[in-house]
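The values are calculated or read from the model by the stated rules, or taken from the named source; none is laboratory data. What you see is a predicted model, and the numbers here were worked out from it, not measured in a lab. Every residue, glycine among them, receives a Cβ derived from its backbone with ideal geometry; neighbour counts consider all protein chains shown.
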């Protein structure tokens with residue numbers, strides 16, 4: 001075997017988490033609200049004392065470090081979303097630049113920072129001349145190559161959970177989940193907000209090109225990896241800076257087209273992530289995009305507001321302040337968790353978590369505080385839940 005890994009985690013806990021997530025999917029609860037975090041490689045590399053760039057040296061290194069991060073996470077961070085059976089899942093991961101890089105944005109590969117992109121289009125004329133990429137080229141092509149290699153490595157890995165034999169799965173291939181508007185911002189920069197006002201027709205043509213190219217890319221990924229998908233998720237982070245009217249004009253048609261193409265009829269449906277203050281867009285999320293889950297939504301949305309606007313209409317996951325989780329005391333984090341539970345758990349189908357993205361250096365005890373709060377809170381009580389003032 002090329003790799004051997006033993007994870008100290010009992011099967012009984014896996015089964016408890018599986019039941020919690022299964023109940024949550026039906027807007028119910030097993031014994032408590034499930035807990036889950038947005039924990040990505042940037043959290044783990046300082047713990048292991050390696051530069052962030054180390055995980056991008058090759059597919060083999062990528063695979064190796066993901067396994068090490070998963071072992072650490074499963075053994076030390078109590079949550080429900082990672083291990084629901086004797087298996088772990090890995091996949092090619094390129095922060096948030098996979099799609100933007102494929103579309104031509106310049107990617108910066110720092111030694112100890114996350115990958116990020118720089119705009120490649122600087123004039124409206126250049127935007128008008130833009131031609132989208134061919135599926136399977138650029139970083140999309142590298143993702144496919146690494147995915148194929150990681151499948152080979154998974155077959156050469158012995159995974160155990162004590163006496164229980166496990167397996168390594170490689171996640172389904174797909175676009176990274178950036179919305180067309182987010183990719184437009186990555187390609188153009190902040191000027192795209194102004195161009196929407198000054199050159200709306202040109203911006204619509206541009207967004208339409210991006211959307212069609214994303215659809216072609218996702219279909220290509222699905223020919224390489226034809227396994228069924230459980231849901232289809234997108235991030236529309238750049239939208240929270242827009243008015244509801246602009247969102248309906250420049251985001252809904254294109255994000256909605258992707259949802260209609262790939263999110264229909266799937267168990268997990270249409271999942272959306274949005275950082276920041278999204279309250280002014282909630283009506284559109286319900287009525288226009290018809291999302292089925294609001295995933296790791298931003299902490300700037302008060303839990304009571306989220307409950308009033310979205311509760312019972314979709315699954316909700318979030319939304320504690322990551323900076324509080326980083327710098328606050330265990331008691332402060334736990335108090336914030338109780339507030340979120342009181343407001344959102346009675347809506348049904350709620351997952352307690354960050355809102356959004358756990359910061360490197362966040363103490364393990366502060367992560368554990370969320371699960372402690374969920375256990376102490378238990379099942380929703382009739383008097384819980386609050387209306388916005």
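So the values come out like this:
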| item | result |
| --- | --- |
| Condition check for residue 277: in a helix (DSSP H, G or I) and either at pLDDT 95 or above or buried (at least 23 other Cβ atoms within 10 Å of the Cβ) (or both) | no |
| Subset tally (residues that are crowded, with 18+ Cβ neighbours inside 10 Å and either modelled with pLDDT under 95 or assigned to a loop (DSSP other than H, G, I, E, B) (or both)) for region 280-289 | 1 |
| Residue within region 149-171 that is within 30 Å of residue 57 (Cα to Cα) and free of Cβ contacts under 8 Å to residues at least 12 places away in the same chain present | yes |
| Helices (runs of 4 or more DSSP H) wholly inside region 1-104 containing at least 2 residues that are surrounded by fewer than 17 Cβ atoms within 10 Å (Cβ to Cβ), out of contact with any strand residue (DSSP E or B) (no Cβ under 8 Å at 6 or more places or on another chain) and in contact (Cβ under 8 Å) with a residue 24 or more places away in the chain | 11-25, 41-48, 59-76 |
| Hits in region 251-267 - residues which are surrounded by 16 or more Cβ atoms within 10 Å (Cβ to Cβ), touching a helix residue (DSSP H, G or I) at 6+ places or on another chain (Cβ under 8 Å) and over 11 Å from residue 179 (Cα atoms) | 262 |
| Test for residue 303: is it farther than 30 Å from residue 202 by Cα, in contact with a strand residue (DSSP E or B) (Cβ under 9 Å, 6 or more places away or on another chain) and surrounded by fewer than 22 Cβ atoms within 10 Å (Cβ to Cβ) | no |
| So residue 52, is it within 18 Å of residue 113 (Cβ to Cβ) and under 19 Å from the mean Cα position of the chain (by Cα) | no |
| Evaluation of residue 231 against (1) closer than 27 Å to residue 118 by Cα; (2) surrounded by fewer than 22 Cβ atoms within 10 Å (Cβ to Cβ) (one fails), failing number | (1) |
